[in-house]
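Worksheet: the structure to be examined is printed underneath.
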Amino acid sequence: MASFLQAENISKQIGDLLLFEDLSLNIDEGEKIALIAKNGTGKTSLLNILAGTDTPTNGTISGKNDIVIGYLPQEPLLNPINNVFEEILHADTPLNSVIKSYEKALAANDQKQLPGLIDQMDQLNAWDYDTRIKTTLGVLNINSYEQKVNTLSGGQQKRLALAKVLLQEPDLLILDEPTNHLDLEMIEWLENHLTQSKATLFMVTHDRYFLDRVCNVIYEIDDHTLYRYQGNYAYYLEKRQERIQQHQASVEKAQNLFRKELDWMRRMPKARGTKAKYRKDAFGNIKEKAHENIAEQQVNITAAGKRMGNKIIEIHQVKKQFGDLKILDNFSYTFDRYEKVGIVGPNGSGKSTLLNLITQQLNPDQGEIITGQTIQFGYYRQKGLHFEEDTKVIDVVREIAETVHIGNGQTLSVTQFLNYFLFPPKTHYNYVRKLSGGEKRRLYLVSILMQNPNFLILDEPTNDLDIHTLNVLEEYLASFRGCVIVVSHDRFFMDKIVDHLFVFEGQGSIKDFPGNYSQYRAWKSEQDKTKTQKTTSSAPAKNKTEEPAAKQSNKLTYKERLELQEVETEIDHLEAEKTQLENEVSSGSLPNDELIEKSEQIAKLMETIEQKTERWMELSEKEQ
C-alpha cells in the first residue's frame with residue numbers, strides 16, 4: 001500500500017502556546033482516518049500543515065509528488081464575486097483544466113487541439129460534469145446556480161465549499177468538521193458517499209456515528225502525544241480505556257515507589273556522601289512519573305436546576321409564518337417536568353424559530369404560549385457567543401456566580417465546574433483571546449449552565465465542540481433535573497439525550513415522535529418502504545386461492561416487458577448516433593458553428609442515454 005503523506009517529528013507553537021510537539025504520522029493510500037483531540041490542542045493547525053496551507057514550527061512534511069489533495073477548512077476561502085457554478089469550475093483540477101481548454105479550443109476552432117482534448121474529456125468523463133455538479137449541489141440544498149457567493153449564508157458557503165472539494169475527486173481528502181451546517185439527510189448522504197469513495201481521507205469530526213461508519217483508523221492527540229488506533233470509533237473507545245487504565249496503574253505504582261524512596265532519602269544521614277548515585281538519579285525519574293496526571297477523573301454530579309412548579313410551558317394553537325413559508329400551523333403542546341425533546345428537520349424549516357417563540361424572542365402570528373412562573377431558561381444560541389477578548393476565563397464565570405448547585409444541597413466552586421468541563425487549572429487565568437474557537441464555545445456553554453436554569457434550550461450545541469466535551473455534556477444532561485430541548489444534527493448525541501422528537505415535516509406540520517433519532521429513522525424507513533409498495537402494487541389484496549398469482553407481482557408486466565425491449569433498442573440507436581457525432585467532431589473538417597452545435601448534441605445525448613440506462617436497470621432488476 002503506497003504512502004501518500006508523512007509527517008516526521010512536527011511541532012507547532014503559536015507565541016508561548018505549544019499545541020503539539022514531535023508528532024509523527026503516516027497516511028497510506030485507501031485509509032480513512034479521523035483525528036480526535038480536545039479543543040485547543042491543535043487539530044485545525046495539524047490539518048492546515050498536512051494540507052500545505054501552514055508550516056510546522058519544527059519537523060518535516062513529505063509525500064508523493066503526484067497526489068492531488070482536496071482540503072475543506074472550517075472557514076472556506078471562496079471568491080465572493082463568483083456565482084455558485086463559477087466557484088465550482090474555479091477549482092484548480094485536471095478536470096476543470098481540460099474543460100476550460102476544450103471550450104477555448106472550441107471557441108477558436110482549433111482543429112489541432114480539439115481531437116486530443118476530446119479524448120481527454122472522454123477519459124475524465126467530463127461530458128456529464130454539468131449534471132454531476134447539479135446533483136451534488138442539489139443534495140446539499142444549493143439550487144440557485146447564478147447566486148453570488150457573497151450573498152450566501154455562512155452555512156451555504158460551507159456546503160458550497162464541501163461540494164467543490166468533493167467534485168474535485170482528489171486522491172487525498174482533508175476535511176475539517178465536514179458535517180457542520182448539514183442537516184441529517186445531508187450527513188447520511190455524505191456518510192454513504194465517503195464510505196463508497198476510493199479517496200484516502202483524513203478528517204476531524206465530532207459526529208461519532210459518522211466517524212464510526214466511515215473511518216478505519218483513528219489518531220488521538222492527548223497531552224501533546226499522538227496515539228494511533230487501527231479501527232473505528234467503537235474500537236478506539238475500547239483501546240483508549242485500556243491505555244488509560246495501564247497508564248493509571250503505572251502512575252499509581254510510581255507513586256507507591258516514590259513514597260518509599262522519599263522516606264529513604266529523608267532517613268539517610270546528611271553527612272553521608274556515599275548514597276548510591278544511581279538511586280538518587282532514579283528518585284528524580286520516579287518523582288516525575290508519580291506526578292503525572294492520572295486518567296481523566298470526572299466529578300460525579302447531579303445537575304440541579306431551580307425548583308419547578310406544576311406549570312411548565314403550554315403552547316396553544318400557535319401559528320407562525322414568514323411570507324409564504326409556514327413554520328407552525330396550529331401547533332399545540334404542553335411540557336411535563338424533566339422531559340427531554342429533540343427537534344429535527346431540514347435546514348430552514350423553522351427549528352430555531354420555534355425556540356425563539358418559546359423563549360419569547362419572537363411573537364406568534366396567532367395562538368399563545370404560556371410560561372410557568374418558576375421557569376428559568378438557559379438558552380444556548382448558535383450566535384450567542386459574546387465575550388470580552390481581554391477578560392480572563394475565571395472572571396467570565398465569576399461574573400455569573402461563585403458556586404454552582406449540583407443537587408443534594410452540594411455545590412461546586414467555579415474552578416471545580418471549569419475543571420468538570422475540561423478547563424484545567426492552568427487555563428483559568430488565560431485571556432479569552434487565547435482560546436480556540438471550540439474552547440470559546442465550551443466556555444459559552446459553561447456560562448449558560450452556571451446560571452442554574454431549569455429549562456435548557458440548546459440550539460446546535462454539538463457544532464464546534466470536541467468529542468470529549470460532548471461526553472461531559474451528555475453526562476451532565478443525563479442527570480439534569482429540568483426540561484431540555486435540543487436542536488442538533490449529531491445523531492449520537494440525540495440518541496443518548498432525548499425521550500421524543502418534534503419532527504418538522506414542512507408546511508407548518510410538526511410530528512411528535514415517541515423515541516430517539518435512530519428509532520425515528522427506522523420507523524420512517526419502514527413507512528417509506530410501505531408507501532412505495534402501495535404505490536407500485538397495482539393489484540388488490542389476493543385471497544388464499546389466488547396466492548400463486550400474488551407471487552408474480554414483482555415480475556414485469558407485459559407492458560413493462562415491451563418497454564424494456566424498446567429501451568434497449570433506443571439505447572443502441574442513441575449510442576450509434578453519439579459515436580457518429582463524435583467521429584464528425586474529431587474529423588477536423590467542421591466549421592466552428594457546426595462544431596459547437598454537434599458538441600452540444602453529444603452532451604444532450606449522454607444525458608438521455610443516462611436516463612434511459614437508469615430505466616433499463618430498473619426494469620432489468622425487476623425481471624430477475
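Can you find a residue that is among the hydrophobic types (A, V, I, L, M, F, W, C) and part of a loop (DSSP other than H, G, I, E, B) anywhere in segment 169-180?
Looking for residues that are among the hydrophobic types (A, V, I, L, M, F, W, C) and part of a loop (DSSP other than H, G, I, E, B), one finds none in segment 169-180, hence no.
Can you find, within segment 87-97, the residue that is most open to solvent (accessible area, probe 1.4 Å) among those that are in a helix (DSSP H, G or I), out of contact with any Phe, Trp or Tyr (no Cβ under 7 Å at 6 or more places or on another chain) and among the hydrophobic types (A, V, I, L, M, F, W, C)?
So, considering only residues that are in a helix (DSSP H, G or I), out of contact with any Phe, Trp or Tyr (no Cβ under 7 Å at 6 or more places or on another chain) and among the hydrophobic types (A, V, I, L, M, F, W, C), the one most open to solvent (accessible area, probe 1.4 Å) is L89.
If you check every pair at least six apart or on different chains, which have Cβ atoms under 7 Å apart with a residue in segment 43-60 that is closer than 22 Å to D223 by Cβ first and a residue that is assigned to a helix (DSSP H, G or I) and open to solvent by less than 30 Å² (accessible area, probe 1.4 Å) second?
Listed by first residue and then by second, the contacts come to P56/I49.
Does D390 qualify as being closer than 30 Å to G508 by Cβ and either modelled with pLDDT of 90 or more or not acidic (D, E) (or both)?
Considered against the rule, which asks whether it is closer than 30 Å to G508 by Cβ and either modelled with pLDDT of 90 or more or not acidic (D, E) (or both), D390 comes out as no.
When residues of segment 14-38 are filtered for being open to solvent by less than 10 Å² (accessible area, probe 1.4 Å) and of a type in the set (G, A, S), how many remain?
Counting residues in segment 14-38 that are open to solvent by less than 10 Å² (accessible area, probe 1.4 Å) and of a type in the set (G, A, S) gives 2.
Specify which of the listed residues (T415, T469, T411) is of a type in the set (S, T, Y) and open to solvent by less than 30 Å² (accessible area, probe 1.4 Å).
Step by step, each of T415, T469, T411 is checked, and only T469 is of a type in the set (S, T, Y) and open to solvent by less than 30 Å² (accessible area, probe 1.4 Å).
Is there a residue being in a loop (DSSP other than H, G, I, E, B) and in contact with a Cys (Cβ under 7 Å, 6 or more places away or on another chain) anywhere in segment 338-361?
Yes - at least one qualifying residue is present in segment 338-361.
Provide a single number: the residues in segment 362-395 that are of a type in the set (K, R) and part of a strand (DSSP E or B).
1
With respect to the numbered conditions (1) surrounded by 21 or more Cβ atoms within 10 Å (Cβ to Cβ); (2) under 30 Å from I36 (Cβ atoms), which one is the sole condition not fulfilled by V84?
V84 satisfies every listed condition except (2).
Residue-by-condition table, conditions (1) open to solvent by 50 Å² or more (accessible area, probe 1.4 Å); (2) farther than 22 Å from Y517 by Cα; (3) of a type outside the set (A, V, I, L, M, F, W, C); (4) touching a Lys or Arg at 6+ places or on another chain (Cβ under 9 Å):
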site: I313; (1), (2), (3), (4): no, yes, no, no
site: L325; (1), (2), (3), (4): yes, yes, no, no
site: L328; (1), (2), (3), (4): no, no, no, yes
site: S332; (1), (2), (3), (4): yes, no, yes, no
site: I343; (1), (2), (3), (4): no, no, no, yes
site: G350; (1), (2), (3), (4): no, no, yes, yes
site: T353; (1), (2), (3), (4): no, no, yes, yes
site: T359; (1), (2), (3), (4): no, yes, yes, no
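Does T302 satisfy being of a type in the set (S, T, N, Q), open to solvent by 20 Å² or more (accessible area, probe 1.4 Å), at pLDDT below 90 and under 17 Å from L456 (Cα atoms)?
yes
I'm trying to understand the selection: among the residues of segment 494-515, which are free of Cβ contacts under 8 Å to residues at least 60 places away in the same chain and not acidic (D, E)?
Of everything in segment 494-515, those that are free of Cβ contacts under 8 Å to residues at least 60 places away in the same chain and not acidic (D, E) turn out to be K496, K511, F513, P514, G515.
In this structure, does K434 turn out to be under 25 Å from L35 (Cα atoms), without any contact (Cβ under 8 Å) to a residue 12 or more places away in the chain and open to solvent by 50 Å² or more (accessible area, probe 1.4 Å)?
No: the conditions fail for K434.
Of T60, T55, T41, which residue is open to solvent by 30 Å² or more (accessible area, probe 1.4 Å) and within 21 Å of H206 (Cβ to Cβ)?
After ruling out the rest, the residue left standing is T41.
Which of the residues spanning segment 107-129 are assigned to a helix (DSSP H, G or I), within 37 Å of the chain's Cα centre (by Cα) and surrounded by 15 or more Cβ atoms within 10 Å (Cβ to Cβ)?
If the condition is that a residue be assigned to a helix (DSSP H, G or I), within 37 Å of the chain's Cα centre (by Cα) and surrounded by 15 or more Cβ atoms within 10 Å (Cβ to Cβ), then Q120, M121, A126, W127, Y129 are the ones that fit.
Mind counting the residues in segment 472-491 that are among the polar types (S, T, N, Q) and modelled with pLDDT under 90?
1
Of all residues being under 20 Å from the mean Cα position of the chain (by Cα) and small (G, A, S) in segment 485-525, which is surrounded by the fewest Cβ atoms within 10 Å (Cβ to Cβ)? Just the residue, please.
Only one residue tops the list, namely S518.
Quick grid of which residues meet (1) of a type outside the set (D, E); (2) outside any loop (DSSP other than H, G, I, E, B):
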residue	(1), (2)
V397	yes, yes
L445	yes, yes
I448	yes, yes
P453	yes, no
I457	yes, yes
E475	no, yes
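Could you list all residues from segment 130-160 that are among the polar types (S, T, N, Q) and assigned to a helix (DSSP H, G or I)?
If the condition is that a residue be among the polar types (S, T, N, Q) and assigned to a helix (DSSP H, G or I), then T131, T135, T136, N150, T151, Q156, Q157 are the ones that fit.
Which of the residues belonging to segment 185-218 are of a type in the set (D, E, K, R) and touching a helix residue (DSSP H, G or I) at 6+ places or on another chain (Cβ under 8 Å)?
E191, D207, R208, D212, R213 - these are the residues of segment 185-218 that are of a type in the set (D, E, K, R) and touching a helix residue (DSSP H, G or I) at 6+ places or on another chain (Cβ under 8 Å).
Looking at segment 1-13 only, could you name the residues that are open to solvent by less than 40 Å² (accessible area, probe 1.4 Å) and at pLDDT 90 or above?
Across segment 1-13, the qualifying residues are F4, L5, A7, I10, S11, K12.
Suppose we filter K134, K104, K148, K100 for residues that are touching a residue at least 40 places away in the same chain (Cβ under 8 Å) and open to solvent by 70 Å² or more (accessible area, probe 1.4 Å); which single one remains?
K148
Being among the β-branched types (V, I, T), in contact with a Ser or Thr (Cβ under 8 Å, 6 or more places away or on another chain) and at pLDDT 90 or above narrows it down to one residue among T136, T179; which is it?
It is T179.
Please state which one of L184, L194, L162 is surrounded by 22 or more Cβ atoms within 10 Å (Cβ to Cβ) and either in contact (Cβ under 8 Å) with a residue 60 or more places away in the chain or under 18 Å from I88 (Cβ atoms) (or both).
L162
Can you list the strands (runs of 3 or more DSSP E) found entirely within segment 1-83 that contain at least 3 residues being in contact with an Asp or Glu (Cβ under 7 Å, 6 or more places away or on another chain)?
In segment 1-83, 3-14 are the strands (runs of 3 or more DSSP E) which contain 3 or more residues that are in contact with an Asp or Glu (Cβ under 7 Å, 6 or more places away or on another chain).
The values are calculated or read from the model by the stated rules, or taken from the named source; none is laboratory data. Fair warning: this is a prediction, and the values are worked out from it, not measured in the lab. Cβ coordinates were reconstructed from backbone atoms using ideal geometry, including for glycine residues, and neighbour counts include every protein chain displayed. The accessibility values were calculated without ligands, DNA or RNA, using every heavy atom of the protein model including side chains. Shrake-Rupley method; radii C 1.70, N 1.55, O 1.52, S 1.80 Å.
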